[in-house]
Amino acid sequence: MANNINKKVKIMMVEDHKLVRVGLRTLFEEGNDIEVVAEAENGKEAIEKARLYKPDVILMDIGLPDISGIEAAQKILEENSEQKIIILTSHQDDAEINEALSVGVYAYALKDINTEYLIMVIKTVQDGAIWLDSRIVPKLRSKGGNIIPKKHVSRSEFRAKHANLTEREYQVLKLLVNGSSNNDIASELCISEHTAKAHVCNIIQKLVVDDRTQAAVKAIREGIV
């Protein structure tokens, strides 16, 4: 852990508008903790450069001139599941949100996000947490929406089915659904970040999923929120 304290987060920007890329690059160059290692104007270029430069985090627009950012994200993750992708877009279509989460992106942010907050999201994702814009979360929770179809089970039924979850793990899982990072969970529950991370690992194992994103999606689908 100590070796990563001063390590810069290497990012790649995938955006067809040069002005947006220049603005973001200028923002990141003002700090000392994020390094832009590559830029791409379209999906196919993004796939090639992700392979070549191996960024830690990729900022991916959806509306690209060749293939969609979601398709590019899927292909990148099929080659290297360790890379973390943040969708940065103006799109709020239910189907696109669902598809993006399904392929395994870690965050879905809208382009009007505060710049300082965007930096926080990048660091949160690098830490392994999922993050969803607060305007997206209600779409996931909506019983009338089609983002993640629910089985419409009650909380008691969910608890009965996953009785091996402790009360604390259940609390952590609800925070995961809200996109909380390990640090956020630690602050909210007054525990150490190490303990929060341990709870998240236990939840992933007990729900038989691969990562925290899938744990949150499963919780939403089965009616915990």
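The values are calculated or read from the model by the stated rules, or taken from the named source; none is laboratory data. The structure presented is a predicted model; accordingly, all values stated were derived computationally and were not measured. Here Cβ is always computed from backbone atoms with ideal geometry, including for glycine, and neighbour counts include all displayed protein chains. Ligands, DNA and RNA are stripped out before the accessible areas are found, and what is left, the full protein with its side chains, is counted by its heavy atoms. Shrake-Rupley method; radii C 1.70, N 1.55, O 1.52, S 1.80 Å.
General observations
- Cα gyration tensor, region 14-134 - rounded (a/c under 1.5), prolate or oblate: rounded
- Given their separation in residues at 0.36 nm each and the Cα-Cα distance between them, THR195 and ILE67 gain 42.0 nm when the chain is fully extended.
- Estimated from the Cβ-Cβ distance and a Förster radius of 41 angstrom, the FRET efficiency linking ARG25 and ASP93 is about 0.90.
- Near LYS10, once Lys and Arg are set to +1 and Asp and Glu to -1 for all other residues with Cβ below 15 Å from its Cβ, the sum equals +1.
- Note on ASN32 and GLN214: their simple-model spin labels are 3.9 nm apart, each label 7 Å out from Cα toward Cβ.
- Violating pairs (Cα-Cα greater than 22 angstrom) within the set LYS8/LYS206; LYS174/LYS206; LYS75/LYS174; LYS111/LYS174: LYS8/LYS206; LYS75/LYS174; LYS111/LYS174
- Carbon/sulfur fraction of accessible area - region 16-103, other protein chains in place, 1.4 Å, %: 45
- Charge tally for ASN183 (other residues, Cβ to Cβ under 9 Å; Lys, Arg +1; Asp, Glu -1): -3.
- Between region 179-221 and region 14-39, the alpha-carbon centres lie 30 Å apart.
- FRET efficiency estimate (nearest 0.05) - Cβ-Cβ, LYS44 to ASN164, R0 45 angstrom: 0.50
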